[in-house]
Amino acid sequence: MTLKDRLNVDIIGPHVADIPWLSTIIERAEFHGIVDGARNCTPDRFLEEGDIVQFGDHQFHVLHCPGHAPGHIVFINKAARVAHLGDVMLSGSLGRADLPFGDQTALIRSVKEKLLPLGDDIQFTCGHGPGSSFGRERLTNRDLV
């Protein structure tokens, strides 16, 4: 029985552009030595830019920010002025774009055209290391200055 079945929940996201990743989970798991339990996945619903995901009273706006992966999405809580970026931007650098399906030009465009315009006061968490703010990164991020 899968976790989805045990919890009776839908699988939501990522963006439809990540189908190439979702359809190769088994092969990628085996490459990393995981031989039991990995399964390819098809979500019940993909997320698109402009969608809103809600947890309790917290609303997160979805932005499609390709580059690290073609379907990478970030979650913005406008009321709390907080963003959850994953590996799009890290404190002091950008996420990797040298992995399969990565695109450095798209990654930089996502940050400059979608994230930084949201405001310097927005704090963010990222996939690796400490968080930061868009304002700090605008001034000090070696990949943006």
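The values are calculated or read from the model by the stated rules, or taken from the named source; none is laboratory data. This one's a predicted model, so the numbers in the text were calculated from it and none came from an experiment. Neighbour counts are summed over all protein chains in view; Cβ atoms, including those assigned to glycine, are modelled from backbone coordinates with ideal geometry. Remember, those area values only see protein heavy atoms, side chains included, never the ligands or the DNA or RNA. Shrake-Rupley method; radii C 1.70, N 1.55, O 1.52, S 1.80 Å.
Evaluating 6.51 cos²θ - 1.76 cosθ + 1.60 at θ = phi - 60° for every residue in the range 73-81, the Karplus couplings come out as 10, 10, 10, 10, 9, 5, 5, 8, 6 Hz, glycine and proline recorded as x.
The fraction of all Cα pairs in the chain landing in successive 5 Å bins from 0 to the largest distance is 2, 9, 16, 20, 19, 15, 10, 6, 2, 0, given as whole percents. Surface calculation, 1.4 Å probe, protein heavy atoms: GLU27 sits at approximately 110 Å² accessible.
Projecting the Cα atoms of SER132, HIS64, SER23 onto the charge dipole of the chain (Cβ charges, centred on the Cα centre) puts SER132 farthest toward the positive pole.
At a 10 angstrom cut-off on C-beta neighbours, averaged per residue, how do the peptides 74-83, 34-43 rank from highest to lowest?
Ranked by mean Cβ neighbours within 10 Å, highest first: 74-83, 34-43.
Other residues whose C-beta falls under 14 angstrom from the C-beta of ASP121 contribute a net charge of +2, scoring Lys and Arg +1 and Asp and Glu -1.
Per-residue accessible area (protein heavy atoms, 1.4 Å probe) orders HIS61, HIS84, HIS128 as HIS128, HIS84, HIS61, starting from the largest. Electrostatic tally near ALA29: other residues with Cβ closer than 15 Å to its Cβ, Lys and Arg +1, Asp and Glu -1, net -1.
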